[in-house]
Amino acid sequence: AFQLYDIWQKGFIEPEEVKEMILELLKESDLILPDEIVEAIVIKTFEEADSKRDGKIDMEEWKELVSNNPSLLKNMTIPYL
């Protein structure tokens, strides 16, 4: 699942990649959220996941996020994409 979010294959996840993934999941679900809500989700995600506070989520931080939020992996399985 980490590689799905690491759209640009840099070895870490940046806020724009999280935003793109959220927008794509919303589109696939025929849901529309205002940009402010999507931005709030991205900010909240990084507040929780970016423990190093360097503006990106690396594999170690991702593993910690997933261990605290197992539903992230469930939602990233092939039937959901």
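Pairs of Lys residues in the chain that lie 8 or more places apart, or on two chains, and have C-alpha atoms under 24 angstrom apart add up to 21.
A Cβ-based charge dipole, computed about the Cα centre of the chain with Lys and Arg at +1 and Asp and Glu at -1, lands at about 260 debye.
For the chain, carbon and sulfur atoms together expose 57% of the accessible surface, with a 1.4 angstrom probe and every protein chain in place. Full extension of the chain between S29 and D54 yields a length gain of 5.9 nm, computed as 0.36 nm times the residue separation minus the alpha carbon distance.
A helix-only calculation puts the chain at -17000 deg cm²/dmol for mean residue ellipticity at 222 nm, using -39500 (n - 2.57) for each DSSP H run of at least four residues, averaged over all residues.
Look at [x] 14, 24, 18, 12, 10, 9, 8, 4, 1; [y] 18, 54, 27, 1; [z] 24, 55, 21, 0: the one that is P(r) over Cα pairs in 10 Å bins from 0, in percent derived from this structure is [y].
Against the main long axis of the alpha-carbon atoms of the chain, helix 15-28 sits at an angle near 30°. Averaging the sequence gap over all C-alpha pairs within less than 8 Å and six or more residues apart, then dividing by the number of residues, gives the chain a relative contact order of 32 percent.
The values are calculated or read from the model by the stated rules, or taken from the named source; none is laboratory data. Fair warning: this is a prediction, and the values are worked out from it, not measured in the lab. Every residue, glycine as well, gets a Cβ built from its backbone with ideal geometry; the counts of neighbours run over all protein chains shown. Heads up: the accessible areas ignore ligands, DNA and RNA and are worked out on the full protein's heavy atoms, side chains in. Shrake-Rupley method; radii C 1.70, N 1.55, O 1.52, S 1.80 Å.
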